[in-house]
Amino acid sequence: MASPKVSQALKEVASSADKQQGYEALLKDIRFSSTPNTLSKDLIAILDSIFDGSLGIVATRSLGVAYVQTLKSVPSNDVKIEVGEYALEKFQSQASSFEEQNAQIRELMATAYEDDEDFLASAKILSGIPLESSQRKVTNEDKVRFWIRITRNYLEVDDTTLAEQYLNKAKNLIYTVEDRDLNLHFNLCQARIQDARRNFLAAAQGYQEISFMPVIAEEERLHTLSMAIKCAVLAPAGPARSRALGRLYKDERASTLEEYSILEKMFLDRLLTPEEVEKFAKGLAPHQLAKTADGSTVLQRAVIEHNLRGASRLYNNISFDALGLLLGLDGDKAEDTTAKMIEQGRLVGRIDQIERVIWFEGGEATGEKGSGRAEGVVGRELKKWDANVQGLAEEVEKVTSELQLRYPDFVAANLVV
């Protein structure tokens, strides 16, 4: 029920000769003729009166534009949302005639929801805006802007599935957009989705590329570089991650960040201590600490695989139990982890299950599945021993020949053939 003052004004408009002008004047003065407690009901009453007044589609559409402008000037988000929901129902009855007003109301409500940090409601209300219509023309840039805004709202509530759907729509048109800020938000959304889906290598590359963009402040560039380092550390150990770590390690800005110490150790294949890992974990997001199928966290798995690669640089061979002690696992789990990395082409070596020994081979794995399996050669160590003995014998022969040349009398008197 409208307030008495607005009810009286509506009666006067209904009996006037120029109803359109009367409604426009009432909308213009509504903030002064209504109170904060009655503003929602007053605006709803005015909209009902406009649609019930048989003004004709042209006049009604013109008043719809004025109504939206009035609603935009309302400071209360609650009023915008309440009146907006009612207005959408009214416009729906003649949807084709009020597409522009429908879109503007939805944008208005979305902004109010975002101010109230209700990002899911904002995303849902924005998704109802028709972007393909003969009644209103929407440019490619505006379409991308809508889709990225929806994507960002879904990312705020960690709904990466729906966020990716709308980002994929934007992906088909982003190449036509020249706006640098819009391209920045697109790249950032893409990196965040890859990060949330644990595609850490792609996310690390995306974050690092963003950190070079001059359109953002230096502080933000360093933050995205920090995110790139975190993702690279969490990526599965192997040649691809080594290349990612190398790019970040060579970035001069990295040395100023807190994550630099763990970046340096990982790049140089040095073993990580539990204290270093615990300190690094404090700066990670919740999804980066989520548990995997085997019950370990993404960070724990990454550190185990890294330390395994580090061990391969220190040892030619190591027993299952000794490796397990080094990695903080039991012997069987250490063997299983090593076998997976060898099979996936992220480590070069072979496993002797009878002797319970892992042999690490020299060289770098290619990253291709199956490329890490080293062919076990029968008697390989015996052949190495034979080669060493042969080398020693040749050196003795050289010394003897040199003695014969310099001290022939001594050799003739003392050499026993």
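The values are calculated or read from the model by the stated rules, or taken from the named source; none is laboratory data. Quantities reported herein were computed from a predicted structural model and do not represent experimental measurements. FYI the Cβ positions are ideal-geometry reconstructions off the backbone, even for glycines, and counts take in every protein chain you see. Please note that ligands, DNA and RNA were not included when accessible areas were found on the heavy atoms of the full protein model with its side chains. Shrake-Rupley method; radii C 1.70, N 1.55, O 1.52, S 1.80 Å.
Just the protein heavy atoms count here, and of the accessible area of segment 178-221 at 1.4 Å, carbon and sulfur take up 45 percent. Over the Cα atoms of segment 109-238, the radius of gyration divided by the Kirkwood radius equals 1.00; this is the Rg/Rh ratio.
Could you tally the net charge around Leu299, taking each other residue with its Cβ under 13 Å from the Cβ of Leu299, Lys/Arg +1 and Asp/Glu -1? Computed value for this residue: +2. With the whole protein complex present, Thr400 retains an accessible surface near 40 Å², based on a 1.4 Å probe. Accessible area per residue was computed with a 1.4 Å probe on protein heavy atoms; Ile44 scores about 30 Å². For Glu99, the solvent-accessible surface with a 1.4 Å probe is about 30 Å², rounded to the nearest 10. Using the Cβ-Cβ distance between Asp158 and Asn199 with R0 = 22 Å, the FRET efficiency computed as 1/(1 + (r/R0)^6) comes to roughly 0.90. The residues of segment 34-112 expose, per residue, 42 Å² of accessible area to a 1.4 Å probe. Approximating the spin labels as points 7 Å out from Cα along Cα→Cβ, the Ser133-to-Arg356 distance works out to 7.2 nm. Grouping the Cα pair distances of segment 139-178 into 5 Å bins from zero gives a pair-distance distribution of 6, 31, 31, 18, 10, 4 percent in increasing distance order.
Based on alpha-carbon atoms, the Kirkwood radius and the radius of gyration of segment 1-138 give Rg/Rh equal to 0.97. Between the amide H of Glu259 and any residue lying 5 or more places away or on another chain, no distance stays under 5 Å, with hydrogens modeled in the peptide plane. In plain terms, the C-alpha convex hull of the chain casts an average shadow of 33.3 nm² when viewed from every direction.
Along the chain, counting only chymotrypsin sites (Phe, Trp or Tyr not before Pro) with a DSSP assignment other than H, G, I, E or B and at most 15 other Cβ atoms inside a 10 Å radius, the longest segment between sites is 1-211. Using the structure shown, select from Lys80/Lys124; Lys124/Lys230; Lys90/Lys137; Lys41/Lys90; Lys90/Lys169 the pairs with a Cα to Cα distance greater than 20 angstrom. Correct reply: Lys124/Lys230; Lys90/Lys137; Lys90/Lys169. In terms of overall dimensions, segment 265-335 has a Cα radius of gyration and Dmax of 12.7, 38 angstrom.
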